[in-house]
Amino acid sequence: MLQKPRGTRDFLPDEMEARRSVEWRMREVGRRWGYREVCTPEFEDLELFTMRSGEGIIGEMYVFEDKGGRKLALRPEITAAVIRMYINEAKVAPKPLRWCYFADCFRYERPQKGRYRQFWQFGVELIGADSAMADAEIIMVASEMLTTAGVRFDLKVGHLALMRNLIADLEPADQRKVRAHLDKREFDSLRETLAAMGKPDLAQSLISLVECRTLKEALTITGDLPESKRIEQTLAALDAYGVQYSLNFGIARGLDYYTGIVFEAFADNLGAENQILGGGTYRLAHLFGGDDVASCGFAIGFDRVMVSLGESSRPRQETIVGIVCTDEGRARALEVSRAFRSAGIRAEMDLMERGLGAQLAHASKTADFAVVIGKRETESGEVTLKNLKTGEQKSLDLAAAIAEVGAHGAR
RNA sequence: GCCAGGGUGGGGUAGUUGGUCAUCCUAGGGGACUGUGGAUCCCCCGACCCGGGUUCGAGUCUCGGCCCUGGCCCCA
């Protein structure tokens with residue numbers, strides 16, 4: 001038997017309903033903040049992704065050549081494509097641009113819990129605003145989206161300027177090593193590494209910085225910075241809006257195009273793959289031949305959110321009506337089913353040529369109400385409405401039956 | 001790429017020291033019934049992940065692969 005490709009998943013209707021319901025909650029938060037949805041191609045020129053991340057990532061991408069010999073790749077993430085689109089299509093649009101997206105991405109990695117080869121991201125990008133309030137807004141949206149989705153999470157906010165200031169004297173390669181140690185909290189290795197670089201004193205400063213929980217404390221380690229005023233304003237805005245977060249100046253956020261504020265969120269009930277959101281301010285446009293526009297944004301690992309929500313995200317069941325009829329009642333039953341559907345109610349008819357009893361048996365398993373249309377109902381013009389949960393049954397006219405079912409759904 | 005544990009009908013399971021090509025539950029389909037069901041009875045459907053090896057004989061032992069689960073690595 002044919003299997004689905006490794007790291008991909010099939011979603012049955014129940015699961016799709018749960019996913020769509022969470023997706024729409026996130027979308028709705030975006031809408032309320034003015035973030036409008038954009039869509040970019042599923043695949044792009046390979047170059048778009050290697051330009052800023054290097055050739056090394058090719059091994060973890062789905063790369064292929066099309067019939068015209070173009071080197072293409074399934075998108076491993078969306079931010080680069082959104083910025084590419086901004087340069088191509090929207091450079092002169094009034095700033096700031098508030099955009100969001102919900103889309104699938106592809107990475108060739110070893111699947112494990114919360115990590116698949118095809119996965120979905122819900123992302124938000126704020127392009128062309130370079131201010132404390134812009135930084136704050138994107139974090140507020142991030143926090144509100146996760147909260148509205150119903151996840152329990154810890155939000156950690158940091159800023160790259162502080163650590164960069166401390167290690168500015170080191171060679172770029174050494175900076176990378178130091179940041180990697182700090183990110184993993186390997187303090188002993190950090191001390192050794194810095195001692196070998198002839199900077200043994202730096203280790204304690206860096207460790208203190210990473211453990212700092214207030215900005216004031218952090219600035220006593222680094223000294224005052226040009227960015228400190230803006231950071232202060234950003235944090236003040238977060239506090240004013242009521243965002244729950246903790247400071248962590250050790251956040252490194254992978255690659256070099258992040259420039260300032262960085263933040264990450266972790267679900268508290270997941271295992272190794274517990275990061276459900278990551279973002280920050282970045283400058284990317286100049287790499288793709290555009291202006292050096294300031295941007296910030298984040299992406300939510302949608303599948304991890306769904307894992308974190310688990311069973312708690314069961315969608316509310318919609319009211320379902322089974323239209324049950326005899327041969328004599330079929331024509332009338334079709335009219336009746338159309339009336340229910342026109343009223344927005346899900347109505348299903350028998351397709352198995354079952355008898356009345358068997359149709360009811362089926363309806364009792366799959367529906368909330370049965371509407372019985374036989375010879376008697378066809379002649380009287382009324383319908384028999386049976387509540388399949390209570391067994392209560394009555395004869396009433398079509399409009400009244402629709403009203404009663406509609407009222408049930410509204411509860 | 002590395003480590004650990006797994007793969008028996010659609011879902012969940014049993015399977016003795018290798019020995020009737022396999023248990024039970026559930027779901028699904030059909031029948032009895034036929035204008036009131038989800039009851040009962042009967043029937044049907046449908047599985048040992050794939051390939052090699054050992055053996056008279058492999059679901060069971062062995063090797064390889066594939067896939068799943070968790071972890072490492074990575075995480076744009």
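The values are calculated or read from the model by the stated rules, or taken from the named source; none is laboratory data. Everything numeric here is computed off the predicted structure, so don't read it as measured data. Because the Cβ atoms are built from the backbone with ideal geometry, glycine has one as well, and the counts that use them run over all protein chains shown. Ligands, DNA and RNA are excluded from the accessible area calculation, which covers all protein heavy atoms including side chains. Shrake-Rupley method; radii C 1.70, N 1.55, O 1.52, S 1.80 Å.
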Just give me the residues in the stretch A:112-139 being within 11 Å of RNA strand B (Cβ to nearest atom) and either outside any loop (DSSP other than H, G, I, E, B) or open to solvent by 30 Å² or more (accessible area, probe 1.4 Å) (or both), in sequence order. A:112, A:113, A:115, A:116, A:118, A:119, A:121, A:123
Among the candidates A:215, A:235, A:209, residue that is out of contact with any strand residue (DSSP E or B) (no Cβ under 9 Å at 6 or more places or on another chain) and not charged (D, E, K, R): A:209
With respect to residue A:381, is the statement that it is surrounded by fewer than 13 Cβ atoms within 10 Å (Cβ to Cβ), more than 13 Å from residue A:320 (Cα to Cα) and either within 39 Å of the chain's Cα centre (by Cα) or within 10 Å of RNA strand B (Cβ to nearest atom) (or both) true? no
Of the conditions (1) within 11 Å of RNA strand B (Cβ to nearest atom); (2) surrounded by fewer than 18 Cβ atoms within 10 Å (Cβ to Cβ); (3) within 29 Å of the chain's Cα centre (by Cα), the single one that residue A:290 does not satisfy is (1)
The stretch A:308-411: helices (runs of 4 or more DSSP H) wholly inside it with 1 or more residues that are touching a Phe, Trp or Tyr at 6+ places or on another chain (Cβ under 7 Å) are A:398-410
Find all pairs meeting these conditions: Cβ atoms under 6 angstrom apart; at least six residues apart or on different chains; first residue within the stretch A:103-114 and more than 22 Å from residue A:46 (Cβ to Cβ); second residue near RNA strand B (Cβ under 7 Å from one of its atoms) and at pLDDT 95 or above. none
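Let's see how each residue does on (1) near RNA strand B (Cβ under 9 Å from one of its atoms); (2) within 25 Å of residue A:15 (Cβ to Cβ); (3) not acidic (Asp, Glu):
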residue: A:327; (1), (2), (3): no, no, no
residue: A:361; (1), (2), (3): yes, no, yes
residue: A:376; (1), (2), (3): yes, no, yes
residue: A:390; (1), (2), (3): yes, no, yes
residue: A:403; (1), (2), (3): no, no, yes
residue: A:408; (1), (2), (3): no, no, yes
Would you be able to say whether some residue in the stretch A:182-205 is under 27 Å from residue A:125 (Cβ atoms) and crowded, with 16+ Cβ neighbours inside 10 Å? no
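Residues checked against (1) within 11 Å of RNA strand B (Cβ to nearest atom); (2) under 17 Å from residue A:128 (Cα atoms); (3) not assigned by TED's automatic domain parsing to the domain that holds residue A:57:
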position	(1), (2), (3)
A:231	no, no, no
A:237	no, no, no
A:242	no, no, no
A:251	yes, no, no
A:256	yes, no, no
A:259	no, yes, no
A:298	yes, yes, no
Which one is surrounded by the most Cβ atoms within 10 Å (Cβ to Cβ) among residues in the stretch A:219-258 that are in a helix (DSSP H, G or I) and β-branched (Val, Ile, Thr)? A:234
Answer with yes or no whether residue A:310 is within 14 Å of RNA strand B (Cβ to nearest atom), among the small types (Gly, Ala, Ser) and farther than 20 Å from residue A:21 by Cβ. no
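Matching residues to (1) exposed (fewer than 11 other Cβ atoms within 10 Å of the Cβ); (2) in contact with a helix residue (DSSP H, G or I) (Cβ under 8 Å, 6 or more places away or on another chain); (3) farther than 20 Å from residue A:118 by Cα:
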position	(1), (2), (3)
A:4	yes, no, no
A:7	no, no, no
A:16	no, no, no
A:37	no, yes, yes
A:41	no, yes, no
